[in-house]
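One structure is given here, and the rest of the page talks about it.
Just so it is clear, none of the values below were taken in a lab; they were calculated from the coordinates. Since the model is a prediction, treat every value here as computed from it, not as a measurement. Heads up, the Cβs are rebuilt from the backbone with ideal geometry, glycines too, and the neighbour counts pull from every protein chain shown.
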Amino acid sequence: MYSAREKLFGALFYACSSILLMMVNKYLLSVWNFPSSNFVALSQFVSTLICLRGAKEMKWIDFPDLDYDSIREVFPLPIIFLGNAMCGLAGTQAISIPMFGVLRRLTMLFTMVLEFFLLGYSFSTKVSLCVFIMLLGSFLAAYDDLAFDAYGYVVVLMNNLFTSLNGVVAKQKLNKTAEDENIRQRHNSKISDSESDEEEKLKTPHASTGTQTLQKPAPSKLKGLGTWGLMFYNSLFAFPLLGLYLLTFGSADLDKVYNYPLWFDPAFLILFICSSFMGSVLQFSTFYCTKVNSALTTVVTGCTKNVLTTYMGMVLPGMDYIFSWLNFVGVNISMAGGLYYAKIKLDSKTNSQNDYQPVKTNDVESPNQPRGSETVQN
C-alpha cells in the first residue's frame with residue numbers, strides 16, 4: 001500500500017508536468033508556428049528511448065529486454081499511446097488552451113465507463129457526484145464560449161478516449177505482475193504442503209503406498225514490465241508506427257519541417273528540446289500517478305490541472321481567450337468538483353480506504369491486493 005504522501009506527490013508531479021508540457025507545446029506549435037505536431041510527438045518518443053536506455057545502461061533503472069513475452073504483455077498499449085500523443089498535440093495546436101481544458105474534462109466519463117466494464121470497479125456516490133459537478137461546470141463553460149471547430153473538437157474527444165484507455169489498460173498491466181506472482185506462490189505453497197505430507201507418510205510404519213508425487217511447476221516466464229518497461233516499449237513500438245505514417249501520409253509535413261526557417265534560432269531550439277524531453281517526464285508522471293493511485297485519480301487530476309491551465313490561458317498572451325461570465329462560472333464549478341474529489345481522497349486516506357471497490361472477485365485471495373481496490377464509505 002502506498003502512503004498518502006506518495007499518492008499526493010504522484011498527483012502533483014503529473015499535474016505540474018502536464019501543465020508545463022502543454023504550455024511549451026502551445027507556444028511551440030502556435031506562437032512559433034512549428035508546422036507538424038506529429039513530428040513533435042516523434043521527437044518525444046526518441047527522447048524517451050534515449051533517456052530510458054541510457055538509464056538502464058547506467059544501472060539506475062531496470063526493465064526486461066525485448067522478447068516475445070514483453071511484446072505480448074505490452075500490446076495494445078503502444079497503439080493507444082500513439083493515438084493519445086497524436087491527438088493531444090493536434091488538439092493543443094488546433095484550439096485555444098481554455099477550450100482545450102474544457103473539452104478534456106469529458107475524459108472522466110470515458111474512464112468511469114471503461115473502469116466499470118474492464119476492471120470491474122463500482123464507484124461510490126461521492127465520487128460520482130464530484131464527477132457530475134465537474135462535468136456540469138465543463139458544459140456551462142463550453143455553452144457560452146465554444147467556437148465550433150470540427151477538426152479541433154474531434155481530435156480532443158479522441159484524445160479523451162485514448163487517455164482513458166491508456167490509464168485503464170496501464171493499470172491492468174501494472175497489477176498483472178503482482179497477481180501472477182501471488183498465484184504462483186499459492187501454487188508452490190500447496191505443492192510444498194503436499195510434499196511435506198508425503199514425507200510424513202513415508203516415516204509412518206503403516207503408511208500407504210502408491211501415492212502420486214506432485215511436481216513443482218516451473219516459474220512463470222511472464223515478466224513484469226513495470227513503469228519503466230511500459231514507457232520504453234510504448235515509445236519503441238509507437239516510434240516506427242508514427243514514422244511509417246509520416247512517410248506514407250505526412251510527406252507534406254516532413255517537407256515543411258525540413259524547410260522550417262527557425263531551426264538555428266537558439267530560443268526555438270531550447271523550446272523544441274524542452275518539448276521533446278518533457279514528453280518523457282509526462283509519460284513517467286502519468287504511469288507513476290496511475291500506479292500509486294488509480295486510473296480515475298489520474299484522469300481527475302488531469303481535469304483539475306486543466307482548470308488551472310484554463311486560468312493561465314485566460315491571462316497569458318497568445319491564448320486568444322474572450323471572457324464571458326457564464327464561461328467563468330462554469331470553470332469555477334468545475335474547479336469546485338475537483339476540490340470536492342480531493343476532499344474525498346483525503347477522507348479515504350483517513351479511513352485507510354480508496355475511492356472504489358471491485359464488483360468482481362478473484363478466484364485466489366491475494367495478500368498483495370491490487371492497489372485502489374478499496375472503497376470509500378459514504
| said: Using the Karplus curve 6.51 cos²θ - 1.76 cosθ + 1.60 with θ = phi - 60°, what ³J(HN,Hα) values do you get for each residue of the range 111-124, in whole Hz, with x for Gly and Pro? | reply: 5, 4, 5, 5, 5, 5, 7, 8, 9, x, 8, 10, 9, 5
| Which distance in nm do the two modelled labels at ASP65 and ASP347 give, with both placed 7 Å along the Cα-to-Cβ direction? | 5.2
| note | Expected sort for 64-72, 81-89 on mean C-beta neighbours within 10 Å, highest first, is 81-89, 64-72
| query | What Kirkwood radius, in Å to one decimal, follows from the Cα pairs of the range 234-334? | reply | 17.4
| message | I need the phi-derived Karplus couplings for the range 77-90: 6.51 cos²θ - 1.76 cosθ + 1.60, θ = phi - 60°, integer Hz, Gly and Pro marked x. | response | 4, x, 5, 5, 4, 5, x, 5, 5, 5, 5, x, 5, 5
| field | Debye, to nearest 20: dipole size of the range 1-92, +1 on Lys, Arg Cβ, -1 on Asp, Glu Cβ | value | 380
| Three semi-axes of the equivalent ellipsoid, the range 36-129, Cα gyration tensor, whole Å, largest first | 30, 23, 13
| said: Can you work out the Karplus-derived ³J(HN,Hα) for every residue in the range 270-282? Use 6.51 cos²θ - 1.76 cosθ + 1.60 with θ = phi - 60°, whole Hz, and x for glycine or proline. | reply: 4, 5, 5, 5, 4, 4, 5, 7, 5, x, 5, 4, 5
| Other-chain or far-sequence residues with amide H under 5 Å of SER122's (modelled H) | GLN357, VAL359
